[in-house]
Each structure stands twice: as C-alpha cells, then as structure tokens.
1. So, taking all protein chains as they sit and a 1.4 Å probe, how much accessible area belongs to Ser249, in Å² rounded to tens?
2. Carbon and sulfur together cover what percent of the accessible area of the stretch 123-237 at a 1.4 Å probe radius?
3. Counting only heavy atoms of protein chains, what accessible area per residue, in Å², does the stretch 158-250 have with a probe of 1.4 Å?
4. Would you compute, from DSSP H runs of 4+ residues alone, the mean residue ellipticity of the chain at 222 nm, taking -39500 (n - 2.57) per run and dividing by the full residue count, rounded to the nearest 500?
5. What residues from the stretch 55-72 fall in the zone where the backbone N is under 13 Å from a label point 7 Å along the Cα-to-C-beta line of Thr44?
6. Which percent of the Cα-Cα distances in the chain go past 28 Å?
7. Just for the chain, what percent of DSSP beta bridges are antiparallel, to the closest 5?
8. Where only protein heavy atoms count, and the probe is 1.4 Å, what is the accessible area per residue for the stretch 1-125 in Å²?
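The values are calculated or read from the model by the stated rules, or taken from the named source; none is laboratory data. Treat the numbers as computed from the prediction; the structure is a model and nothing was measured. Here the Cβ is made from the backbone with ideal geometry for all residues, glycine too, and neighbour counts use every protein chain on show. Note: areas computed on protein heavy atoms with side chains; ligands, DNA, RNA excluded. Shrake-Rupley method; radii C 1.70, N 1.55, O 1.52, S 1.80 Å.
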Amino acid sequence: SLNSKEEIAAANYPLIRHVKMAHRPSMVPMDDIQAKWQICSPATAANFTACGYFMARELQKELDVPVGLVNSSWGGTRVEPWVAPVGFKDVPELADIYQLVMGRTPETPLKSHQEPTVLYNGMIHPLVGFPIRGVIWYQGESNHNESLYAEKKKALIEGWRQLWGGKKFPFYYVQIAPFQYGSEPHVLANFWEQQAAVEDLVDNTGMVVINDIATIKNIHPPNKQDVGKRLALLALKNDYGRTDLVANSP
C-alpha cells in the first residue's frame, strides 16, 4: 500500500484483530482450521489484509468498538472456487457447474485451486456459523472476461447466506482496478457492467468504485487507504445508522 512503512509503524490499534486462513483447496468440505488471532500492532500489521485493515481502522475510530477481520483470501482467484454447492444449485444459469460439482467424489483428483467449490471447501466451510457482521470482497482479475459473472456472484453470496442461517448479511465488493486486460479495450468496461449488475441482482450489496484512485499500469494499485475508507463508508451508512454520509459512488 501507499506509505507502507509509515502505516505499519502507526498501526497501534489493539481493538483490531486479524486472523489469516491458510491456502487450502479441498475436494471435500473441511470442518477444522488452524489459525491464530493477532492483535493489530506495528509488529503484526504488515501481513494484514490492506483493504480490510484500512476499513477496520475507519470503523474502529468511528464506532469505538472492537473489529475482527477474518481474512480468507487467495490473490488472483476466480469466483467459482469460493462458491458453495447450494449456491450453484439455486442459479439455473449455472446448472452445468452444479452437476460437475455434485458428480465429484472424495477420490476425484484435485487439478487446480481454481476448480469450483475447492476454496469454499477448505477456506470458508470451516467458518460456517461463525458470527459475522458482513463480508467484503476484493475481486481477482481471473474473471475479467466473463459473461456470467453477475450470476456467479449471486451464487456465491446467496449460497453463503443460506449456510449462515439465511441471514442477509451485507456484502460489499470492490470494482476491479483499471488495467489493459487482454487486447480488447471493451473487456474492462464489460466487466465493470457485470460487477455493477450484482447490486441490482442481489439485495444488501454495494460496490466500491475505484476507477478514480487506481494506478493505471499497475494491476495491484497501491492506494488501499481510500478503498478501505469507501468500504467503511458503505458499512457506516447502511449498517451503523450514519445516514448523513455519502457512501455511494457514481
């Protein structure tokens, strides 16, 4: 992130806690996980999720409550590995993926961590039922040339919500950063439209727009501070009663 040395040195927020899930693809749902909560300090913050930390910092300052960050992520991954089977089942456009998933057995060899449901199995299923206030999602670039992206995000969100007892917890996600994806200039615009469509397709969702704060030729733009702040604004306005805030981007 921008000013990383200064940000790490100033990261003395003992009411922010972070736990990182290990990368663990699995063909079957896992029930256990080994991970430790860390107290936010200059000694630990360097390895926190950057967007999550900057969001948590805003919330902690504004609300004066503890904030826990459960970081289950894998850079550059597609949506499909994170979707629960029940999510695919309830989206007719994704029936072929559901059949593929249900046709596997514990003996089916794992070919890639990008296969449908394998990151859900290993990195989300062990968390099912853990009390959460909401979810934030920073999209990897692997889905950028994608015609069914909105439907896949619906499968992801509504599948997780079912598994958490039907609670319609908020799901806030970040627009993919500007970059020359492939050779066609329309690819990025089409994907942005797919991302924006999720807000209309799924209730209690919101997209943080970042096309004005990106570093054009860097697929990983370093300005994570504003990304975190914009995520925090959505939560403060929609979930914590700060109705006077402007939280939605054009």
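1. 50 Å²
2. Values: 2650 of 5000 Å².
About 53 percent, which is the carbon plus sulfur part of the accessible surface.
3. Details: 4630 Å² over 93 residues.
Per-residue accessible area for the stretch 158-250 comes out at 50 Å².
4. Values: 7 runs with 80 residues, N = 250.
That calculation yields -10000 deg cm²/dmol at 222 nm.
5. 67-71
6. Details: 10288 of 31125 pairs.
Counting every Cα pair in the chain, those more than 28 Å apart make up 33 percent.
7. Working: 3 of 16 bridges.
Expressed as a percentage, antiparallel bridges in the chain total about 20.
8. Numbers: 6550 Å² over 125 residues.
I get 52 Å² per residue for the stretch 1-125.
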